[in-house]
1. Of these, Lys157, Lys94, which one is basic (Lys, Arg) and surrounded by 13 or more Cβ atoms within 10 Å (Cβ to Cβ)?
2. Could you tell me whether the stretch 26-41 includes any residue that is modelled with pLDDT of 95 or more, buried (at least 19 other Cβ atoms within 10 Å of the Cβ) and on the phi > 0 side of the Ramachandran plot?
3. Of the numbered conditions (1) touching a residue at least 12 places away in the same chain (Cβ under 8 Å); (2) closer than 21 Å to Asn188 by Cα, Lys82 fails exactly one; give the number of that condition.
4. Would the stretch 68-79 turn up any residue that is under 25 Å from Ser148 (Cβ atoms), under 16 Å from the mean Cα position of the chain (by Cα), surrounded by fewer than 21 Cβ atoms within 10 Å (Cβ to Cβ) and at pLDDT 95 or above?
5. Could you say which residue among His83, His90 is at pLDDT below 95, outside any strand (DSSP E or B) and within 30 Å of Phe9 (Cα to Cα)?
6. What is the residue count in the stretch 111-124 for residues that are assigned to a loop (DSSP other than H, G, I, E, B) and closer than 16 Å to Lys98 by Cα?
7. Going by what's in this entry, would Ile56 be described as in contact (Cβ under 8 Å) with a residue 24 or more places away in the chain and either closer than 21 Å to Asn188 by Cβ or over 13 Å from the mean Cα position of the chain (by Cα) (or both)?
Amino acid sequence: MTTTKSKLFDRNVPGSTEILQKSTVGIAGCGGLGSNAAVSLARAGIGTLIIADHDIVEESNLNRQHYFQSDIGEKKVTALSKHLKAINPHLKIKAINKCLQASDVPETFKNADLLIEAFDRADAKSWLIEAWCCAFPGKPVVCASGLSGIGKTEDLKVQHAGNIHIVGDCTSDMSMGLCSARVAIAANMEANIAVELLTNRKADERDQGK
């Protein structure tokens, strides 16, 4: 008899599920980018997620973040973990309720194969990327910059610089306001890149006998 676990990923791209279930992704920030990217990765079949954030869910978050009215006042990592488990009960989650500093990155994400940057502020994005690249120079980080405004979907691009992968328009700022659809597109672009990188990398390692 087919189990629920196997049915969950029956429509996945052939060969991807086995690779993704052995992979670990770190997500720094559980807001508009992080929460939506986490949901997509849970649906894709990622084996383990390390999610880190220190905020609680507020009503103003609900226009773009994967939370509900019933989550208001709850820690984001707690609420998000609950929703992710409801999608994929086999997912392993390490939830860290903490305001991350650069010095936390090596220990917090030491088991991650890849990091998704999901911070709001440009300065925080900068030190996170730098800390990750210094601690794990051979591992990729997927970032986002320029998500504000409405429409202009064609302006959301992907740029690559070695192990750094950036999505967004790289120009708009927070003063323009945030639209749920545009933020979710960028978050899913981050998740899509993560899946692509992990499946390609793991397949290469498998072929090389590592």
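The values are calculated or read from the model by the stated rules, or taken from the named source; none is laboratory data. No experiment lies behind these values; they were computed from the predicted model shown. Cβ sites come from the backbone with ideal geometry, for glycine too, and all protein chains shown count toward neighbours.
1. After applying the criteria, what remains is Lys94.
2. Looking for residues that are modelled with pLDDT of 95 or more, buried (at least 19 other Cβ atoms within 10 Å of the Cβ) and on the phi > 0 side of the Ramachandran plot, one finds at least one in the stretch 26-41, hence yes.
3. Against the list (1) touching a residue at least 12 places away in the same chain (Cβ under 8 Å); (2) closer than 21 Å to Asn188 by Cα, Lys82 comes up short only on (1).
4. Scanning the stretch 68-79 turns up no residue that is under 25 Å from Ser148 (Cβ atoms), under 16 Å from the mean Cα position of the chain (by Cα), surrounded by fewer than 21 Cβ atoms within 10 Å (Cβ to Cβ) and at pLDDT 95 or above.
5. Testing whether each residue is at pLDDT below 95, outside any strand (DSSP E or B) and within 30 Å of Phe9 (Cα to Cα) leaves just His90.
6. The total comes to 3.
7. no
Matching residues to (1) closer than 16 Å to Phe119 by Cα; (2) under 16 Å from the mean Cα position of the chain (by Cα); (3) at pLDDT 90 or above; (4) part of a loop (DSSP other than H, G, I, E, B):
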| position | (1), (2), (3), (4) |
| --- | --- |
| Cys134 | no, no, yes, no |
| Lys139 | no, yes, yes, yes |
| Val142 | yes, yes, yes, no |
| Gly146 | yes, no, no, yes |
| Gly151 | no, no, no, yes |
| Glu154 | no, no, yes, no |
| Val158 | no, yes, yes, no |
| His165 | yes, yes, yes, no |
| Ala184 | yes, yes, yes, no |
